[in-house]
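First comes the structure, then the notes that go with it.
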Amino acid sequence: MSEINWGQLGFGYVKTNCNARCEFHDGKWGEVTLTTDETIPMHIAATCLHYGQEAFEGLKVFRGVDGKARFFRIEENARRMINSAAYLKMEAPSEELFIKACEEAVKANAEFLPPYGTGASLYVRPLLLGITAEVGVKASKDYLFVVFVTPVGPYFKNGFAPIDVVIERDHDRAAPRGTGHTKVGGNYAASINAGAAAHEKGYANELYLDAAEQKYVDEFGAANFFGIKDGKYVTPNSRTVLPSITNKSLRTLAQDLGLVVEDRPIPYEEIKTFEETGACGTAAVISPVGNIYDPKYDVTFHYDAPGKVSTQLFTMLQDIQYGRIEDKHGWTREIDI
Ligand code: PLP
Ligand code: COI
């Protein structure tokens, strides 16, 4: 393994030793195997290639202050993959199989887990693919489940630093009764054009409004949205938003801080009333928002970021992830590496 400068890592692919795989044929899952192969031999008519029959997950392992390695809420990721798969009529790995494959992939790549204090972590990417050859639009009978890992730094440049974002008016990420609540590749395909345009203009990410009417805040291309005001943590309740595990955790931590949690539609007009806003997710952790620009009205909503509450939430979350405080909610799972 070549020397990795842990503190300088961005959010990209770093080659590791191997990945874990498991296949579903004839109605059952096989054994988990490890392979050094970074490629997937696949039939040219596989349903994942033509009809997007694929789902994925993203979670992290952290090296704690006490030297122990911990997954953060891996069971939640397993359940979300089961839900995503059900929506696309895919066969999903059980929670046990999901965890086993992740553990094997992490153990086989132990030297890629960034040391404590570097701000980096090991990103775990489980991927589920329909691999039966079909030409008609229908579900596969065969599936491939792959887990690879890669060491990562912050998703948005500079970590816990204010980001500028832009409201997306020209493209929708997810249809009103579509796949937005699942973690499937098609949602990201739909966001690539808007994401690229946002980056070209210097924005870290694009913020989607509800696709039906553009009246409510939905989420960012790669993270959920939250706002803070009057002692409240407010986050959109929308069928087209990915149920973020980070956001779920922040709602609990906000309650621990004595904030009232409001899980409800957020009308566009409310954006200007927040004291703080932020993006949250596994990759983003918490990224406080400095400015939200809306090209439709050529208006910028500004926040003095990072705000007090976002900073408290970020600290609490990372303290749990890095084992600096007691994990009283039982969110972490130790892995012996
Ligand atoms: N929303 C989108 C579109 C995402 O891609 C992600 C990343 O997984 C999130 C939200 C955050 O979800 P989580 O906190 O489970 O990582
Ligand atoms: C994550 O936060 O895990 C994500 O999947 C976001 C992005 C990299 C797609």
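Remark on the chain: hydrodynamic radius 20.7 angstrom, per the Kirkwood mean of 1/r across alpha carbon pairs. Restricting the stretch 240-337 to chymotrypsin sites (Phe, Trp or Tyr not before Pro) that sit in a DSSP loop and have at most 13 other Cβ atoms within 10 Å of their own Cβ leaves Tyr297. Taking every C-alpha pair closer than 8 Å and separated by at least 6 residues, the mean separation divided by the residue count of the stretch 113-206 gives a relative contact order of 23 percent. Size descriptor for the stretch 83-229, Kirkwood hydrodynamic radius: 18.0 Å (Cα pairs only, one decimal). For Lys138, a cut-off of 25 angstrom between C-alpha atoms picks up these lysines, skipping any fewer than 8 places away in its own chain: Lys28, Lys89, Lys183.
Each of Val147, Val152 has some number of other Cβ atoms within 10 Å of its Cβ, and from fewest to most they run Val152, Val147. Which value in deg cm²/dmol, rounded to the nearest 500, describes the helix-derived mean residue ellipticity at 222 nm for the chain, given -39,500 (n - 2.57) per DSSP H run of n ≥ 4 and division by the residue count? Result for the chain, helices only: -7000 deg cm²/dmol.
Dimensions of the stretch 210-337 from C-alpha coordinates, computed as largest minus smallest value along each principal axis and given longest first, are 52, 28, 25 Å. In plain terms, the bigger the Kirkwood radius, the slower the diffusion; for the stretch 72-128, with that radius from Cα pairs, at 25 °C and 0.890 mPa s, Stokes-Einstein puts D at 195 µm²/s. Across the stretch 110-269, Cα pairs under 8 Å and at least six residues apart give a relative contact order of 17 percent.
Loop-located trypsin sites (Lys or Arg not before Pro) in the stretch 119-219 (DSSP state other than H, G, I, E, B) with a sparse environment of at most 12 neighbouring Cβ atoms within 10 Å: Lys157, Arg177, Lys201, Lys215. Annotation for the stretch 202-257: GluC sites (Glu not before Pro) lying in DSSP loop with at most 12 further Cβ atoms inside 10 Å of their Cβ are Glu213.
Annotation: for a label point projected 7 angstrom from Cα along Cα→Cβ of Glu334, residues of the stretch 54-73 with backbone N closer than 16 Å are 62-73. Distance from the C-alpha centroid of the stretch 190-239 to that of the stretch 102-175: 19 Å, rounded to the whole angstrom.
Each reported figure results from applying straightforward, stated rules to the coordinates on display, with no laboratory input. Values in this document were obtained by computation on a predicted structure and should not be read as measured data. Virtual Cβ from ideal backbone geometry, glycine too; neighbours counted across all protein chains shown.
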